[in-house]
Every structure is written in C-alpha cells, then in structure tokens.
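Chemist: Dumping the structure here so I can ask a few things about it.
Quick note: the coordinates plus some simple rules give every number you see, no bench work behind them. These numbers were taken from a predicted model, which means no experiment stands behind them. Note that we place each Cβ from the backbone using ideal geometry, even for glycine, and neighbour counts take in every protein chain shown.
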C-alpha cells in the first residue's frame, strides 16, 4: 500500500507551508486528582498524513483521542487543532472544528432510535442540509461498506461488524480533514478489517489525515505508516 | 493486504462522492429518512403531555367560566342601565293615583326617555305575592307604587330627580340602580381578574413542569446529545431539536385539554338548555345568561391551548440552552 509516500510527502507537496492538523506540546492529562494518565505528550499530525496509535489496553489511547476531539481539555500543555489553540475556545469555534473531523468510536455510539441510513446521514443533517441533497452520497457509501440492504434497520438489530461499518460510514460521510478511529476493525473478520483499512488509506490518499488507534499488529503491518506508541503514560513515535 | 488485491472502485467511489456526482439513489419508499433526533414517544413524554392537557383543561375551564360571568354581567348591566325606576310612596290623605300620573307625566316630558309604564295598584300588590302569599287583601296596606322608565338616550336624570322632588316632595324618588350596577361590575371584574390570575398560574405551572421534563429528557438523552456534538451539531441545533419535540408534546397536550374544556362547556350549555324547560329554568338563565361563552370564549380556550404549547417550546429551548452552556 502506498501510504508511506503519502505520509512522507503529503505535506511537502504543498511546500511544507501547511499548518499541522493537530499539535500537542508537553500535554499532561489527569482525571480529577488522580495520577496523570498521559505525561509530556508532544507530537504533530501533518496534513494528509496517516498514522497508527497503539499501546497496551489502558495506556491512554482513548484519552488521547478525546483530547484531539476536544471532549476533554488537557490538565497542562498546549493542544492545537487545525491551527487553533483549544484552551478557552468558544462553542461556535468548537463546533466548526468538529465538523472538520470524523470519528469512529470504539463503542460505535450509533443512535438506537435512528435507522442506519439516518445515523450515517447525521453529520450532514446537523449541518442543516436537506435530505434530498445528500441521499445519493449516503446510499452509495452505505452500499460500499456493505450495508446497502441494511439501511432501514435500527442499530440494535445490526451485528457488531455491521455497527462498526455504520460507525465508519458516519465518520466518513462529511469527508473530514481529520479522521480519528478507535479500534475500527476490532469487531470484524480479518478480511473485512483489511477492506475497511483500505477505505481509510483511500480516504487518506484523497487528502484526509488519519489516526487509527489499534493494537492489531497484523493490521498495522499492512500499511507502512508512522506509529505513535503509548506506554507508561508517555508517547514514543516509531517510523 | 497485497497490492494486487486493490479494488479500483474504492477510490472511484470516494472521488465520485467528493464531486457529488453519485448516481441517483433508488431508496425504498418505506425508508425512514428524517426521524426526530430526540426520541419522542417515551413514557415521560406521554406523562408530560397528560400534565399539559390537564393544566390546559383547568385553565380553559377557568377562562370559560370567567367569560360566562363577564358576558352575563355585561348583559345585566346593559338591560338594567336602560331602565330607571320611580317609586311613589303613599301617604295619608294623598291621592296616590294622581301622584303616579303626575310623576309619569314629568318623566315622559323629559327628553331622552322612551316610555314610562306605571304599575297599577293590582300589579304592585302582585309584586308582593312572593313574600306575603296570594289571596290576601292588601287594600288597607300602603303599598308603594312603581313607574318603570325606559331610556332611549342619556337623559339628565339629576334634573328629573330634582323636578320630582320639587313636585312631589317626600313622595317620589328616582332610583337609577347606580349602586347595584357598581356592585355588579365590581363582582364581575373580580371574577374575571381571578380567572385571569388562575390562567396565569396554570401557564406558570406548565412552564415549570416543562423545565423539569426537559432536564429529565436531557439527562435521559445524554448519549444522543453527546453524539450530536461529536458529529458537529451546535447548541442551537440541539436546542431546536428538543424544542421541536416539546412543542409537539405541548401541542398534543394543549389540544386535548382545550377540546375537553370545550366539550365540558358545550355539555354545560346543553344541560342548561334542558333545565330551562323546567320551572327553575328562568332563574338559571337569569343567573348564567344562557351558559354560552360566545366566540370570544371559544377563542380564549383555543388560545390557551396554543399558548400552553408555545410556553412548552420556549421553556424547553431555554432550558436546553442553559444546560448546554
């Protein structure tokens, strides 16, 4: 797969003038008065880049993703997303930053009272777009992830793999500039896992920065990409 | 995966989606496409609709009752104010018939008076029957005589009163019902004021009930709110979704309450008509003025239903905004 060239040259294609999509500087994170779950984390995610985030369970992968998603704020250090420093960010600015990201949650977070079609269309709907304007896109993406026959089904009736694909489709539908995925292939068979990974790589080729949290080494070996390894509350960058 | 396995369609799909040139989708007609983002048909929602229905019902009944009193009072005032009464007291050695004729002539000569109708001695005695019983010979009793005077404009009653006092001193007196009218008007205004206050209180209670229900719904839908935030919904969008849901609940509750109130008022009117056929009917009609609330009453009942729904929507929106900020 050709992710390496994308990763390596993606930003340099534009003369290295692009701001990083995500920048962490000496970020520390603790919940309440407990110990820091993340310490001195510094990294950047360049535009058009592809990287994995890995580490043992409980190492703080999900917390790191939540920091990027701005659903929690760092205890210390500096987080900037799309060039915007996030401490004291207004809620309007927060909304517009989130519209530029797509996220696949480990537990999918599909809305159980909405059909698969409505779930996947949600990011476009909350932008105030008319249903007719995005119908074709949503249906095509649903067919591509193999949910063409399941679009009228409510999530409780979907299998784990189907939920996962629906969650991925929802993250991709608005063509985000940054895609965050938390164990996106955890519930699917290896063949479908590869197919979904190829979708991420393809999305990356089209310009989206991708960060996939996983501890599936077989999956990571399929793409030659940078790896952020979390362990002992710290981040090591490989590759 | 191997490079040879690459599906060419992958990139093509995304690129086509990017250019928004995807082929027209043939969706099954039964596919639900725009379901409410906040689940609507929950037991809490039904309970809230029931509370709003009951409150609207009570408020609408109150408004209807106040309207009946107000319109009856206006009718009474209208008919009473169109009439004044001259009372002639009999005195020893006086020709009461002559006094009555003289007073009636004086009144008839006053501009703005349409007609005078002196009560004869027999009629005056009959007026006492309900108190003294029938079959009595009242010939020896000094029964006062009445002249009802129907007004056609706004005559100078002060001048008439003075002329009567001069012509028949201590015998004739003019009663323009002013004291009675002012009491009636005070009573009617009090009832209307109490009705308006109760309607206000009920709407306030509706607002508070909706505040609690909205908070409950926000807590119960925390997951939904969070997901909406993550997929890029702003607070205003989320508040609108909650408002839409609660407006619908309020509309349902308000409509049920208003229709029930209209039914009760309609049934009350039908019962009143039924009783009117009986001996007590005249008194009931005199008291309730026919138990009809007129278009203004119906309009205010409907308006209360609408206001209850609007209050529901606005309060839920404000609550959500405060919750999210």
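Chemist: For chain A, give the share of DSSP beta bridges that are antiparallel, in percent and rounded to the nearest 5; count only bridges with both residues there.
Modeler: 50
Chemist: Calculated from DSSP H runs of 4 or more alone, at -39500 (n - 2.57) each and per residue, what is the 222 nm mean residue ellipticity of the protein assembly as shown, nearest 500?
Modeler: Value at 222 nm, helices only: -18000 deg cm²/dmol.
Chemist: Can you divide the C-alpha Rg of chain A by 2.2 N^0.38 Å and report the result to two decimal places?
Modeler: Ratio of Cα Rg to 2.2 N^0.38 Å: 0.99.
Chemist: At 0.36 nm per residue, and after removing the present C-alpha to C-alpha distance, how many nm does the segment from residue A:78 to residue A:33 gain when stretched out fully?
Modeler: Computed gain between residue A:78 and residue A:33 is 14.2 nm.
Chemist: Could I ask something else about it? Express the relative contact order of the stretch A:112-174 as a whole percentage, based on alpha carbon pairs under 8 Å and six or more residues apart in sequence.
Modeler: Result for the stretch A:112-174 is 52 percent.
Chemist: How much length, in nm to one decimal, is gained on full extension between residue B:141 and residue B:115, taken as 0.36 nm per residue of separation minus their Cα-Cα distance?
Modeler: 6.5 nm
Chemist: When only Cα pairs under 8 Å and 6 or more residues apart are kept, what is the percent relative contact order across the stretch B:90-170?
Modeler: It rounds to 42 percent for the stretch B:90-170.
Chemist: Please find the FRET efficiency linking residue B:87 to residue B:47, where r is the Cβ-Cβ separation and R0 is fixed at 56 Å, and quote it to the nearest 0.05.
Modeler: 0.35
Chemist: Mind giving me the FRET efficiency for residue B:175 and residue B:276? R0 is 30 Å, r the Cβ-Cβ distance, nearest 0.05 is fine.
Modeler: So, using R0 = 30 Å, E works out to roughly 0.50.
Chemist: Sticking with this structure for a sec: Return one number: the angle in degrees, 0 to 90 and rounded to the nearest 10, between the long axis of the Cα atoms of helix A:160-172 and the longest principal axis of the Cα atoms of chain A.
Modeler: 70
Chemist: Moving on. Find the relative contact order for chain B and round it to a whole percent, using C-alpha pairs within less than 8 Å whose residues are 6+ positions apart.
Modeler: The normalised contact order for chain B reaches 31 percent.
Chemist: Share of antiparallel DSSP beta bridges in the protein assembly as shown, in percent to the nearest 5?
Modeler: Roughly 65 percent of the beta bridges in the protein assembly as shown run antiparallel, per DSSP.
Chemist: Tell me the angle of helix A:131-144 to the major Cα principal axis of chain A, expressed in degrees between 0 and 90 and rounded to the nearest ten.
Modeler: The angle comes out at about 80 degrees.
Chemist: Report the label-to-label distance for residue B:54 and residue B:129 in nanometres (one decimal), using points 7 Å from each Cα along the Cα→Cβ vector.
Modeler: If labels sit at residue B:54 and residue B:129, their model points lie 5.2 nm apart.
Chemist: For labels at residue B:322 and residue B:185 in the simple 7 Å Cα→Cβ model, what's the distance in nm?
Modeler: Rounded to a tenth, the inter-label distance reads 4.3 nm.
Chemist: Still on this structure: Enter the angle in degrees (range 0 to 90, nearest 10) between the Cα long axis of helix B:96-108 and the first principal axis of the Cα atoms of chain B, meaning the one along which they spread out most.
Modeler: Computed tilt is about 50 degrees.
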